[in-house]
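Written out below as structure tokens is the structure these notes cover.
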Amino acid sequence: MMQVASFLPLFLTLSAEVKRAAAGPGAGQNTWERFNKLPYPYDQAFLYDTFPDGFMWSVGTASYSVEGAFEKDGKGLSVWDTFTRGGNRKAMGDVGSDSYHNIQGDIRALQQLGVSHYRFSLSWPRIFSNGTRSSYNERGVAYYKTLIQKLKEIGVQPVVTLYHWDLPDVLQRLYGGWSNPILVDLFKDYADFCFETFGDDVKFWITIDNPFVVAWHGYGTGIMAPGIKNDPDLPFKVGHILLKAHAAAWHVYDERYRPLQGGRVSMALGSHWIGPSRSRRENRAALPACQCSLNSVLGWFARPLFGDGDYPQCMRARLGPRLPSFSRAERALVNGTADFFALSFGPSLSFQLNDDGLKQGQREELDLRMLLYWVRAEYDDPDVFVVENGWYVNGNSRTEDPKHMYYLKRFIMETLKSIRYDKVRVIGYTAWSLVDGFEWYREYTVRRGLFYVDFHTPDMRREPKTSAKFYRKLIESNGFPPLPENMAASGVFPCNFTWGVAANSIQVETAPSRFADPSVYIWNMTGNGELRRLEGARAPPAPRRTPRCADYATVRRQVSQLQRLRVSHFHFSLNWSTLVPTGNASHANASLLGYYRCFARELLRANVTPAVSLWHYIRDKSSLPAPLEARGGWRGPDTVAAFAEYARLCFRQLGAYVKFWITLNEPNAKKLSYEVGHNLLRAHALAWRAYDREFRRSQGGKISLTLHADWVEPAYSFNRHDVDPANRILDFCVGWFAQPVFGDGDYPAGMRSWLQQRTTLDLFSHHLPVFSPADRQLVRGTFDFFALSHFSTTMVSDVMENPYSFEALLEVHYIYDTTWIMSPRRGSPVVPWGLRKVLGWIDSKYKGVPIYIMSNGVDEDPARFKDSLRVYYLYNYINEALKAYKLDGVNLQGYFAYALTDERDPGFGMYGHVNDDYIVKSSLHHYRNIIDHNGFPAPSASPQQCPLPQPCPGCHLFSKRPIMGFLSWSAPPSSSPWG
């Protein structure tokens, strides 16, 4: 007995089995191969779980970015105060978000978030205006004491950074800044003062933030302050000094303050992630380059601290004497001077690696989980504190920042997986940043805050963004706890449930393709099984017989494929333009009509019910008869009338075999005009009325139309207005056709009012046609069931972040949840719960209507015959359909997987097609397994008692029997297999 509950965790368990690899320098290179072996796509599925007890939830800021008050109360100038006043800079951080004057505003924001820790940095020139104790600034120190005391009052622990890039400008002017070894002792003294002054209330210290940015861009590219460039060796000298300064500060704390204060000290190291840019066969050769890329950024500073006390070998090999050397004493001084691994990961990467040489010819990626595992392997499994992570939105955005929110969700999910699956010891996570501020070289063109700051108002009030609300909820839940709606359901569908498969079209032959070779062969039965033709011998003429539908090789093959799948129904579309090429139903293609009749007949003989669409909309391709297309296609009344006659033709000729009709398949395409949609509705209604009046009584079938119905989810739903954009899209995409047919005979009221508001002075062609009373009566109620196709889900908001994904007419911005699995070929999100939601939406609109899912599938590389993504898709989407049926009471009658073969529907098939061969994919076996069990029965459930299907007459035509010889004959050309 099959249970989905036991099927899914199997793959998750595999990904959780982490063998402890040999740790140490170079061990991280196994990371790429390890992740390549994880079971796809199960390892990428969303993990519903919580973080360990005591996990530290933090948020952070940097002093220059947010404090402001750049020359107030005795503060000295920093290199950033000077840097932003030179060159082509357009903005300065003189005010930032004015945290210096707004401690209470920041405290309120922290309380709203519910974080346990707050990472902020001390401004060295605010404490020592010229960088030394001689310039001690009491008012600057008082500001930080007040901040720490306020944090203590609300139960938030400080994580304090001594240096976040704002070096006292005096030290830069007098000594050349970090290029001078004198900075080691100056920084040591500054750190000593801070530990002594604030250390009783601080348990986590960061000495220096992201030394790579300081060295590479502050003293190499000149992008960051102090803007030094043109000396290619200087960044490595600066990096060397930064490491010594950090080590000196660490030793001060370790020797003087740790015994009393009990804190931990580290250096915040920023990194990117890199993946092989070559094909899979060459991945192994690219891995050393990936390893070296990470070593050249993260390893530059991490290996001296966490490794063997020296720089990575690939840096030494590449740079030679340009890279400074540690003496034995210096190595001993530096190595081991980190109590935890403080990791920074996020959008700073987009400028960290502007030098392509650092990428080593490989591809930069966003994968925090793989980076965390690399750190674990490379540096012997340290405690890891993610001290900076997040994303950004445009500078003109306000409180709605869904992009930032979903990147946070993605990174936090990757962190959770690294803990639960990869056994990385992550102890905390820091979202960046608390409030909007000055964003370094990007100035104010982007925003990274969880709280919106209006820089043009005197009080710079903090307003929570959608990302803040999300982060608060996540902290409250300590992650993503499993909920009943996220768990797989057990149960079965009713005995009469329809299990089908769909195809856009079927393969057609114009004449029977029976074996007609008159030669005589000898069959080597006991040897190699070959047939050897006897030269000069010919078989005698065969007796005449009436040709049969099974004489068509394509019929035999397609029916055999369906029998192997064990579906009860097959959904395919007729070709109107080929069947009635002139558009006049009295001039039908008799051969093609006969073939369709044969195909339907043989399906029935194999106990497969044909479900037939009369017309299938194909985007950007006309599927209308050419004469009708030339006369305006669906814009003209001729096509509407012609479709009704074409439908009558099909009902007359095929109705004896077809009892399941679809008039129009997915007519609700975005690119069709409202005028065309109006005529399509009339055409459907005329065809439905014709069947109802003229054929239903004698044929006993049912008929409807199929609507494309992907789900649309609000990007966020913190108040009732947040759902408006999603409802608008559903009205325009599904309600456009559904409401006239299944509802009141008119278009959705919201759709009509929205278009009326935007059609001013007839300058825009957004007119929605009006149904006459007769047409309204004609269209309304023309259904026997609700048929839908569903493939994916998207999200919408009314905030424009990217003009390319903003739909101006509906004023919605399309986005995706970055935690969703995406199909590799078309980039379609795999969101199983979207199917349940759309089924519930239809049921809420048209209560109790019978529903058939006519197409549901995902594209995958046709070369993948072990199509694991499609297997995952089928199990999870069908399980969501089961929830809709059992838990929500949706009147679900049937499910059709899409599609049968790659030949007709490339990338979607359960049969692969290579060089005229059909290969059974893994998904076929799994779908058949679901069909055989009629769903997902619980382990303890008794077998479902369903009546066996009646044996089909003529099924023996396709049964396998021994054949001992071959004779063939050719029927006269005038013979007809369909009489």
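The values are calculated or read from the model by the stated rules, or taken from the named source; none is laboratory data. Just so it is clear, the model here is predicted, and its values are computed rather than measured. Counting neighbours? That spans all protein chains shown, and the Cβs are built from the backbone with ideal geometry, glycine included. Note: areas computed on protein heavy atoms with side chains; ligands, DNA, RNA excluded. Shrake-Rupley method; radii C 1.70, N 1.55, O 1.52, S 1.80 Å.
Return the pair list, or none, for Cβ contacts closer than 8 Å from residues in the range 661-688 that are under 28 Å from residue 569 (Cβ atoms) and open to solvent by 30 Å² or more (accessible area, probe 1.4 Å) to residues that are part of a strand (DSSP E or B) and at pLDDT 95 or above, at least 6 apart or on different chains. Final answer for the pair search is 666/706; 666/707; 666/708; 666/789. Summed over the range 307-321, the residues that are over 14 Å from residue 27 (Cα atoms) and open to solvent by 40 Å² or more (accessible area, probe 1.4 Å) give a count of 4. Of all the numbered requirements in (1) without any contact (Cβ under 8 Å) to a residue 24 or more places away in the chain; (2) surrounded by fewer than 17 Cβ atoms within 10 Å (Cβ to Cβ); (3) part of a helix (DSSP H, G or I), residue 770 misses one, and that requirement is (3). Restricting the range 695-725 to residues that are hydrophobic (A, V, I, L, M, F, W, C), farther than 30 Å from residue 648 by Cα and modelled with pLDDT of 95 or more leaves a set whose member that is surrounded by the fewest Cβ atoms within 10 Å (Cβ to Cβ) is 711. In the set (1) farther than 23 Å from residue 384 by Cβ; (2) in contact (Cβ under 8 Å) with a residue 24 or more places away in the chain, residue 327 fails one condition alone, (2).
Elements of the type helices (runs of 4 or more DSSP H) sitting completely within the range 24-118 and holding at least 2 residues that are surrounded by fewer than 18 Cβ atoms within 10 Å (Cβ to Cβ) and under 28 Å from the mean Cα position of the chain (by Cα): these cover 31-36.
Cβ separations smaller than 6 Å between residues 6+ apart or across chains give the following pairs from the range 838-849 residues that are farther than 12 Å from residue 738 by Cβ to residues that are open to solvent by 30 Å² or more (accessible area, probe 1.4 Å): 840/888; 848/891. So, of the residues in the range 232-264 that are among the aromatic types (Phe, Trp, Tyr) and closer than 29 Å to residue 201 by Cα, which turns out to be least open to solvent (accessible area, probe 1.4 Å)? It comes out as 253. Within the range 426-465, being closer than 15 Å to residue 110 by Cβ, over 28 Å from the mean Cα position of the chain (by Cα) and β-branched (Val, Ile, Thr) holds for one residue alone: 453. Residues of the range 124-136 include at least one that is buried (at least 17 other Cβ atoms within 10 Å of the Cβ) and either charged (D, E, K, R) or under 37 Å from the mean Cα position of the chain (by Cα) (or both). If the condition is being free of Cβ contacts under 8 Å to residues at least 24 places away in the same chain and not in a loop (DSSP other than H, G, I, E, B), then the range 443-489 contributes 473, 484. Residues that are open to solvent by less than 40 Å² (accessible area, probe 1.4 Å) and either over 21 Å from residue 369 (Cβ atoms) or hydroxyl-bearing (Ser, Thr, Tyr) (or both) within the range 265-288 comprise 265, 266, 267, 271, listed in sequence order. Of the helices (runs of 4 or more DSSP H) lying entirely inside the range 643-738, those containing at least 2 residues that are in contact with a helix residue (DSSP H, G or I) (Cβ under 6 Å, 6 or more places away or on another chain) and among the aliphatic types (A, V, I, L, M) span 674-694.
Filtered by the rule that a residue be among the basic types (Lys, Arg) and within 24 Å of residue 266 (Cα to Cα), the range 126-161 gives 126, 133, 145, 152. Residues in the range 781-822 that are part of a loop (DSSP other than H, G, I, E, B), more than 30 Å from residue 499 (Cβ to Cβ) and open to solvent by less than 40 Å² (accessible area, probe 1.4 Å): 799, 801, 810, 817, 819. Could you please let me know if residue 778 is out of contact with any strand residue (DSSP E or B) (no Cβ under 9 Å at 6 or more places or on another chain), assigned to a loop (DSSP other than H, G, I, E, B), open to solvent by 10 Å² or more (accessible area, probe 1.4 Å) and of a type in the set (A, V, I, L, M)? No; evaluated as a whole, the condition is false for this residue. With a requirement of 1 or more residues that are over 14 Å from residue 650 (Cα atoms) and open to solvent by 50 Å² or more (accessible area, probe 1.4 Å), the helices (runs of 4 or more DSSP H) lying completely within the range 548-605 that satisfy it span 553-565, 590-605.
Listed by position, the helices (runs of 4 or more DSSP H) contained in the range 322-426 that have at least 2 residues being at pLDDT 95 or above and surrounded by 20 or more Cβ atoms within 10 Å (Cβ to Cβ) are 368-378, 402-420.
A count restricted to the range 427-439 and to residues that are surrounded by 24 or more Cβ atoms within 10 Å (Cβ to Cβ) and either outside any strand (DSSP E or B) or touching a helix residue (DSSP H, G or I) at 6+ places or on another chain (Cβ under 9 Å) (or both) stands at 7.
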